[in-house]
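Read through the structure below, which is laid out as structure tokens, and then see the notes.
None of the figures in this text is laboratory data; all of them are computed from the coordinates on show. A quick note: this is a predicted structure, and the numbers were derived from the prediction, not measured. All Cβ positions, even for glycine, are placed from backbone atoms using ideal geometry, and neighbour counts span all protein chains on display.
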Ligand SMILES: *Cc1c(COP(=O)(O)O)cnc(C)c1O
């Protein structure tokens, strides 16, 4: 399973600004429709599910979730049925957006729309037990896919070459699984910088539970008000970036991360000679609905 992600993903040179070298690792090119980091997060979850004899995979997400689309695709690819618990009851009566249409029509994921109140229960034992009864023989993956299996997979994102050639590695953060994998596969003096797509610093606490290491930091300075929020300035930056470098970004994760890195470089936050690797985590499947 997941052999297709073992191949090296390309690294592209973006440019040199204020003496800082910027390259980008294109995980978005792993698959035309599926978000780059999500394959790494799913790999060991699916291997575990297969090994334990489960026949179905269940997970959680919002209506534009890259994780839902990736899970639906991987389930179909590897012979599982799948269930998506989707936030927002009102969506039952609406036509499916491209993310949900792909997951349901093309990948045969069964969609279950739940109220926001029910969705909030997604980490509680009683709700998980209820789901387990309702969907027997089903392996449950948490929202965003983040658990120890996800971290194990994300430790495979960087190659030995990457470990030797970069001083700073930058990545967008949602639930923190990807960042933790990057942290766990590197060590000081390499620095891992996370750009949070969400407001607040609770992610710092969560990542501290997943790793002992401390050559990393997270900022929410570039979350543009919170998850899935945008400003005309962010959208303009994404258009500029795409025009200048011919690399697509989306406004929830990679657009904010690249904006943040460029802003820090502009403020001369990084010493001259720093070599930065940006991780393009994909997420382009929902882009047409978002901007
Ligand atoms: C899910 C996602 C992230 C966040 O990954 P986490 O491991 O949840 O922090 C970043 N970028 C894109 C494009 C994503 O789809």
Classify region 75-121 as rounded, prolate or oblate, taking a ≥ b ≥ c as the square roots of the eigenvalues of its Cα gyration tensor: rounded when a/c is under 1.5, otherwise prolate if a/b is larger than b/c and oblate if not.
-> oblate
Region 38-145: relative contact order from alpha carbon pairs under 8 Å, six or more residues apart, as a whole percent, is 35 percent
What FRET efficiency would be calculated for the residue pair residue 228, residue 188, taking the C-beta separation as r and a Förster radius of 30 Å, to the nearest 0.05?
-> 0.35
For the chain, the convex hull over Cα atoms projects on average to an area in nm² of 14.7 nm²
Roughly how many nanometres apart are two label points built 7 Å out from the Cα toward the Cβ at residue 129 and residue 77?
-> 3.6 nm
Counting other C-beta atoms within 10 Å, which of 201, 162, 28 has the fewest, and how do the rest follow?
-> 201, 162, 28
For the chain, calculated [θ]222 nm from helices alone, where every DSSP H run of n ≥ 4 adds -39500 (n - 2.57) | -10500 deg cm²/dmol
List 93, 215, 13 from most exposed to least, where exposure is judged by having the fewest other Cβ atoms within 10 Å.
-> 93, 13, 215
Scaled radius of gyration (Cα, divided by 2.2 N^0.38 Å) that region 38-145 gives = 0.98
So, with points 7 Å from each Cα along the Cβ direction, the residue 163-residue 235 label distance in nm works out to 4.3 nm
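Could you give the length gained on full extension between residue 116 and residue 291, defined as 0.36 nm per residue of separation minus the Cα-Cα distance, in nm?
Between residue 116 and residue 291, full extension yields an extra 60.6 nm.
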In nm, spacing of pseudo-spin labels at residue 47 and residue 9 (7 Å Cα→C-beta vector) | 1.8 nm
How do the peptides 269-276, 70-77 rank, highest first, by the average count of neighbouring beta carbon atoms within 10 Å per residue?
-> 70-77, 269-276
Region 43-101 and region 235-291: distance between their alpha carbon centers, rounded to Å = 27 Å
Gain upon complete extension [residue 263, residue 246; 0.36 nm per residue less C-alpha separation] = 4.2 nm
Return 165, 243, 280 ranked ascending by Cβ neighbour count within 10 Å, so the fewest neighbours appear first.
-> 243, 165, 280
